[in-house]
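Chemist: What follows is a structure written as structure tokens; I'll ask about it next.
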Amino acid sequence: MLEIKNLHVSVGDKPILKGLTLSIQPGQVHAIMGPNGSGKSTLSYVLAGRAGYDITEGSITYNGEDLTALPPEERAAKGVFLAMQYPVEIPGVTTMTFLKTALNSQRRTRGESDLDAIGVLKLVRAKAKTLNVSEEMLKRALNVGFSGGEKKRLEILQMALFEPRLAILDETDSGLDIDALKLVAEGVNLLRSPERAMLVITHYQRLLDYIVPDRIHVLAKGRIVAEGGKELALELEAKGYEHILKDVA
Amino acid sequence: MTLAVARRAEATALFAAQGVPTRRVEDWKYSDLKSALGEAGIGAQVAQWHVTDLPAGVEQFDLSQANPPGWVIDNFARGTGNVMSAASLALSVGGVALRVPKGAAIADLLKLDFTGPGHVRALLVLEAGASLTLVEGVGLSEFRNVGFEIALGEGAALDHVRVSPADADAVLVEEAHVRLAAGAQYRAHFASFGSRLSRMELEIALEGAKAQAHLSGVSVLDGKRHSDVTTRMIHAVEDTLSTQLFKHVAGGNAKAVYQGKVTVAKGANGSDSNQSAKALLLGEAAEADLKPELEIFADDVKCAHGAAVGDLDADSLFYLRARGIPEAEARGLLLHAFLEDAVAQIANMDQRELVRTELLTALKVIA
Amino acid sequence: MSSVAQQETKKQVADIGEKYKYGFVTDIEMDMAPRGLSEDTVRFISAKKGEPEWMLEWRLGAFRRWLTMKEPKWARVHYPDIDYQNAYYYAAPKNTPLKQSLDEVDPKLLETYKKLGIPLHEQMALAGVAVDAVFDSVSVATTFKGKLNEAGVIFCPISEAIRDYPELVQKYLGSVVPVTDNFFATLNAAVFSDGTFVYVPKGVRCPMELSTYFRINASETGQFERTIIIADEGSYVSYLEGCTAPKRDENQLHAAVVELVALDNAEIKYSTVQNWYPGDENGLGGIFNFVTKRGDCRGVKSKISWTQVETGAALTWKYPSCILRGEGSVGEFYSIAIANNYQQADTGTKMIHLGANTKSRIISKGISAGKAQNTYRGLVSVYGKAKNARNYTQCDSLLIGGECGAHTVPYIESRNPTARIEHEATTSKIAEDQLFYCLARGIPQDEAVSLIVNGFCREVLQQLPMEFAVEAQKLVGISLEGSVG
Ligand SMILES: Nc1ncnc2c1ncn2[C@@H]1O[C@H](COP(=O)(O)OP(=O)(O)OP(=O)(O)O)[C@@H](O)[C@H]1O
Ligand SMILES: [Mg+2]
């Protein structure tokens, strides 16, 4: 579903990803762990198509298509969803308006018809309820004044709403209390299906107790330096990155 | 008529001495009135005014009539040193005076329109405890100069909404001088779509404790349009409050101007003032000029201002697009959001919706 | 402020006994131009300096132009009319100029600078600071010349530069601040008597901080210095300037011009601690400080950074500016302006963005006390070609007492849709709770004020080179003594 080959990415003149290769099959959940500043968010942004990240080498294909050639909105319509580490606050745009606009934009791009306001409202309400997102939050401006945890829950609500085929979760677990963490994990697990894939970026083994990954990759200094099954997370938790990095070096 | 003969003479002298402002006059640095008027100059015509369905309880007097009532005599032409306001007084014999008597809360909107070329005066008096929503309409015309005076008695509350439509040729200037007694509230919103030269000038004197003024405005300008909001907020006494929030979007070769001077007089402790002016430039040749000014002569104050000119926020744009919203639509959404907090200041919901609708139309043209 | 810094500040404040400790007069025999201003005065100054014909012509051109100009009145400063005919335009200590070695300098002068805390003797000099000392109208000593010469850096009195490097002077003099720029700059062009000239050649990182100390000593005398700093491609120089004057009841005029030119990838850091005599508590006397300072970022990726601590002068009219011409060039302005008693300060900056990707940053801290008026006046202008220009401005005013004024007059002009300008300003009074907290911990009032104000100014103080930061912190405290209470 997603094939990343020898990916090199720079921001300005600064190389950040230096030859990253990764492949995800439909139905799989992959986790990426790695020290601060190793390039995890950079990878997620590049997948979502944020400007300012120059791909200097390598390729990204998504369902056989060159993903890098598409603008962000088309990627979204094709099922790529990024839950951001730092969701953006947009004053003046209410959350509900935003959700409706986004949902219908994606549908339109896919050649589907718009959902009417009531249809969207019903859908959003249903998802909001399971994720403990209040009506009041939906009326407020997008992410403005939301707590860290509330922002993350809203990201997951969007994931549930848009039903993406490739979901990238960038540290969605950080800043969440235990209950919220479970809710988020449930949301993710609910979406797990043979035709969907997920890339979960996290610092904590704890999340992986709830969302059991098929494969774990360790990203350091812009490259995948270790890979393994679920047990790798436990090892990292016990020994830290130093240990693994030393092994590689 | 005999009304305010002395004040008219003073105004005539002031205008004769200063003439039509050029760009060399500091306050007119960004609005070239003289050249916008060209050969025709400011003339000496008298412009028209019109009140649609005078709400019950509001008293009206035609300033061109003889024997003005006491409340007109007391409040008329108490003006300032403003040169264009002086011109409107010197050159017009017509205009309208309106009064809401003590304690009257007027639920219906007062709709006051100015039309035609020339000069005109208006006076609005809200006596103690009175309240009103004024909707001011701006008719297009090659040149009009409105001198508006508003006097708010103790505890009076006025909501003022003014929409200035787009026009490539009109030269429209208006000077409003608002005086507030203790506890009075003035809330005003100015939506402007620009003309060859369009200038709304406000001088607001907070003369009684706990008086407060809340100004907001939006302008969406395209083509070669110009819009200038110039405010002067005077915290004359203690415990007065003012806020200002102005948002401009300029496309094409348009020019958006905001000049705002907040003065806190000596001894006006406890004054609280906040001023924010932001502009987005969308056109390659568009221009924004912002000059938020503070003049503070008292120490126990909280005064702040912010100004910003720029483009839409790149992070927000990306966020929206990453959720599937196409770029053009995302930009539109953000433009709206940019203007929304200023529009949300309009208390009257119908008026707020009206302004929103007009903004939508204007933004479609520009974006 | 860190507690270490607090300790430092407290100690410094405690160290200072007097209010204006630079108020003494040096009794020294002077060589003066006749009182008044005419073409003859200009010729007199030029002759005294032994200037070439072109220089005299340049001055005379300026003088003739000046006669047609009007004194600018737009600033928020009020002062009695200046009688330009009732002052001396040239005053020099007899037999002092252009000594080959410090040993030949009049010991009285060396003593003066020692009292000012500026040791001119090389063995006593602070490590790594070269000093040019300008006493009234002339430079009396320039230190570390040898070492600078080795690096190819020219650091000398401008009068010497006119003689020794005429092509450089001719190329740059008036190229940033044109002769006709403004009333005071034009006056300066006609009668400037000395100043500093710096040229840093290509690729050279100036091996030490350069500094000039300006001292007005003679009475009824104006000081008109002119400074030119040229940083050639890829070079770097940090320049410090300090100013003091004796206490006198009369107002003395200081009208300086500073021109900076930064070529490709060059950087100039220009710091000023201005402590001219501010007048007494009743507003009597003090220096009228009308200064035109401008930097031209002519080259790509060049950078000019102004830092100023303005505590002195009865009246300050000063707007160090940057013309950001070179692509990617950077301009900075960090300012502390303190006005106490009857002082009036109208100061700020202009950032003119002409080139693409130019950036500027303005941090201004104004403190008003007593009956003083303090105005920040600034312009950020982005021209049509300045794609992606960026500016950030933060302007804070602090009021101490209800008799003073704090004013902010920013002009923001943008003509490019890709530019971003952000401006923020606040005005508040000195926080009573902070003051009380300090008092409750046994810190005396004046020290507490000094501490709090130094905290308020920290962002700017941090920009100063070490040697100056200490002096500046002291000054902040001293200039506000007795302002609360
Ligand atoms: N716009 C940018 N400009 C300059 N450097 C950047 C930019 N974006 C990212 N970087 C740098 O790239 C490196 C990788 O950043 P990234 O955000 O991808 O790390 P991360 O692995 O997500 O870290 P964390 O675990 O802290 O979230 C860091 O050194 C970061 O400072
Ligand atoms: Mg990250």
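The values are calculated or read from the model by the stated rules, or taken from the named source; none is laboratory data. The structure presented is a predicted model; accordingly, all values stated were derived computationally and were not measured. Counting neighbours? That spans all protein chains shown, and the Cβs are built from the backbone with ideal geometry, glycine included. Ligands, DNA and RNA are stripped out before the accessible areas are found, and what is left, the full protein with its side chains, is counted by its heavy atoms. Shrake-Rupley method; radii C 1.70, N 1.55, O 1.52, S 1.80 Å.
Chemist: Can you give me the solvent accessible area of B:ARG321 with a 1.4 Å probe, rounded to the nearest 10 Å²?
Modeler: That residue has around 40 Å² of solvent-accessible surface.
Chemist: Work out the mean other chain Cβ neighbour count within 10 Å for the residues of B:270-279 and drop it here as an integer. Display every interim value, and only then the final one.
Modeler: Working: counts 0, 1, 0, 1, 0, 1, 1, 2, 1, 3.
Per residue, the average neighbour count from other chains is 1.
Chemist: Right, here's the next one. Within the range B:2-311, what percent of beta bridges assigned by DSSP are antiparallel, to the nearest 5?
Modeler: Working: 10 of 133 bridges.
If we restrict to bridges inside the range B:2-311, about 10 percent are antiparallel.
Chemist: Name the residue, out of B:SER227, B:SER192, B:SER316, whose mean-square fluctuation peaks in a Gaussian network model built on chain B with Cα pairs under 10 Å.
Modeler: So, out of B:SER227, B:SER192, B:SER316, the one fluctuating most is B:SER316.
Chemist: Can you tell me the Rg and the Dmax, both Å, for the Cα atoms in the range C:254-402?
Modeler: Here Rg and the maximum Cα pair distance are 16.1, 50 Å.
Chemist: Within chain A, which whole H helices from DSSP have a Cα span along their axis of at least 15 Å and a mean Kyte-Doolittle hydropathy of 0.0 or more, if any?
Modeler: Counting only whole DSSP H runs, the qualifying helices are A:117-130, A:178-191.
Chemist: Another question, then. Kirkwood hydrodynamic radius for the range A:2-248: how many Å is it when counted over pairs of different Cα atoms? Before the final figure, lay out the partial values.
Modeler: On the way: mean 1/r = 0.0538 Å⁻¹.
About 18.6 Å for the range A:2-248.
Chemist: Would you mind giving the three semi-axes, in whole Å and largest first, of the ellipsoid equivalent to the protein assembly as shown according to its Cα gyration tensor?
Modeler: Three semi-axes, in Å: 54, 46, 27.
Chemist: Give the whole-number value, in cubic angstrom per residue, of the convex hull volume spanned by the C-alpha atoms of chain B.
Modeler: Hull volume over Cα atoms, normalised by residue count, gives 132 Å³.
Chemist: Can you give the net charge of the other residues whose Cβ lies under 10 Å from the Cβ of A:LEU67, counting K and R as +1 and D and E as -1?
Modeler: With Lys, Arg at +1 and Asp, Glu at -1, the neighbours total -2.
Chemist: On to the next question. Taking every DSSP beta bridge that has both residues in chain C, what percent is antiparallel when rounded to the nearest 5?
Modeler: Here the antiparallel bridges make up roughly 10 percent for chain C.
Chemist: Would you please state which residues of the range B:10-33 a label at B:ALA40 would reach in this model, taking the label point 7 Å out along Cα→Cβ and a backbone N cut-off of under 19 Å?
Modeler: It comes to B:20-22, B:31-33, nothing else.
Chemist: Cut-off 10 angstrom, C-alpha nodes, Gaussian network model of chain A. Which of A:LEU47, A:LEU154, A:LEU190 fluctuates the most?
Modeler: Answer for the Gaussian network model of chain A: A:LEU190.
Chemist: Just B:ALA184, B:ALA314, B:ALA328 to compare: in a GNM of chain B, with alpha carbon springs under 10 Å, which one fluctuates most?
Modeler: B:ALA314
Chemist: Would any residue of the range A:109-140 have its amide N under 20 Å from a label point 7 Å out along Cα→Cβ of A:SER147? List them or say none.
Modeler: A:128-140
Chemist: Let me ask another. Within 10 Å of each Cβ in peptide C:396-404, how many partner chain Cβ atoms are there on average? Round it to a whole number, please.
Modeler: Mean inter-chain Cβ contacts per residue within 10 Å come to 4.
Chemist: For the range B:192-209, in order, what is each residue's ³J(HN,Hα) by Karplus, 6.51 cos²θ - 1.76 cosθ + 1.60 with θ = phi - 60°, in whole Hz (x at glycine and Pro)?
Modeler: With coefficients 6.51, -1.76 and 1.60, one gets 9, 10, x, 8, 3, 8, 9, 9, 10, 10, 10, 10, 10, 10, 8, 9, x, 4 Hz.
Chemist: Determine, for the range C:247-330, the count of lysine pairs separated by eight or more sequence positions (or lying on different chains) whose alpha-carbon distance falls under 23 Å.
Modeler: Number of lysine pairs found: 9.
Chemist: For B:LEU140 and A:ARG140, what does the FRET efficiency come to when R0 = 51 Å and r is the distance between their Cβ atoms, rounded to the nearest 0.05?
Modeler: Efficiency for this residue pair is about 0.85.
Chemist: Now for a separate question. Using label points projected 7 Å from each Cα along Cα→Cβ, tell me how many nm separate A:LYS122 and C:GLN445, to one decimal.
Modeler: Placing both labels 7 Å beyond Cα along the Cβ direction yields 7.4 nm.
Chemist: Now a separate question. Arrange the residues B:TYR30, C:TYR213, C:TYR392, C:TYR383 by how much accessible surface each exposes, largest first, with a 1.4 angstrom probe. Intermediate results must be reported in sequence, preceding the final value.
Modeler: Details: B:TYR30 10, C:TYR213 30, C:TYR392 65, C:TYR383 95 Å².
The ordering from most to least exposed comes out as C:TYR383, C:TYR392, C:TYR213, B:TYR30.
Chemist: Show me, for the range A:71-79, the HN-Hα J-couplings you get by feeding each phi into the Karplus relation (A = 6.51, B = -1.76, C = 1.60, θ = phi - 60°), rounded to Hz, glycine and proline as x.
Modeler: Per residue, the Karplus-derived 3J(HN,Hα) values read x, x, 5, 6, 4, 4, 5, 8, x Hz.
Chemist: Just by accessible area at a 1.4 angstrom probe, what is the order of C:TYR319, A:TYR210, A:TYR86, A:TYR62 from largest to smallest?
Modeler: A:TYR86, A:TYR210, C:TYR319, A:TYR62
Chemist: Under a 5 Å amide H to amide H cut-off, with H placed in plane at 1.01 Å, what residues pair with B:ALA156 once short-range neighbours are removed?
Modeler: B:GLY129, B:ALA130, B:ALA184, B:GLN185
Chemist: How much of C:MET55 can a 1.4 Å solvent probe reach, expressed as accessible area in Å² and rounded to 10?
Modeler: The value for C:MET55 is about 0 Å².
Chemist: Among DSSP bridges having both ends in the protein assembly as shown, what percentage is antiparallel? Round to the nearest 5.
Modeler: Beta bridges within the protein assembly as shown, antiparallel portion: roughly 20 percent.
Chemist: Give me a comma-separated list of calculated 3J(HN,Hα) values for the range B:44-58, in order, Karplus coefficients 6.51, -1.76, 1.60 applied at θ = phi - 60°, integers in Hz, x for any Gly or Pro.
Modeler: Each residue's phi maps through the Karplus curve to give 9, 6, 10, 7, 9, 10, 8, 10, 8, 6, 3, x, 4, x, 9 Hz.
Chemist: Taking H placed 1.01 Å from N in the peptide plane, check which residues at least 5 places from B:THR243 or on another chain put their amide H under 5 Å from its amide H.
Modeler: Answer set, sorted by chain and number: B:ALA213, B:HIS214, B:LEU215, B:ASN274.
Chemist: Sticking with this one: Run the Debye formula on the Cα coordinates of the range C:135-435, all scatterers equal and no solvent, and tell me log10 I(q)/I(0) at q = 0.14, 0.17 1/Å.
Modeler: Once normalised to I(0) and log-transformed, intensities are -1.04, -1.39.
Chemist: Hey, can you grab everything whose amide H is under 5 Å from the amide H of C:GLY370? Only 5+ residues off in sequence or another chain; H modelled, so Pro and N-termini drop out.
Modeler: C:ASN341
Chemist: What do you reckon, how do B:HIS336, B:HIS305 stack up by accessible area (1.4 Å probe), largest on top?
Modeler: B:HIS336, B:HIS305
Chemist: Also, I was wondering about something else. Report, as an integer, the average count of C-beta atoms from other chains found within 10 Å of each Cβ along B:283-293.
Modeler: Details: counts 1, 5, 4, 4, 7, 8, 6, 8, 6, 8, 7.
So the per-residue partner count for this stretch is 6.
Chemist: Not counting ligands, DNA or RNA, and with a 1.4 Å probe, what is A:LEU2's accessible surface area in Å² rounded to the nearest 10?
Modeler: Taking all protein chains as shown, A:LEU2 has close to 0 Å².
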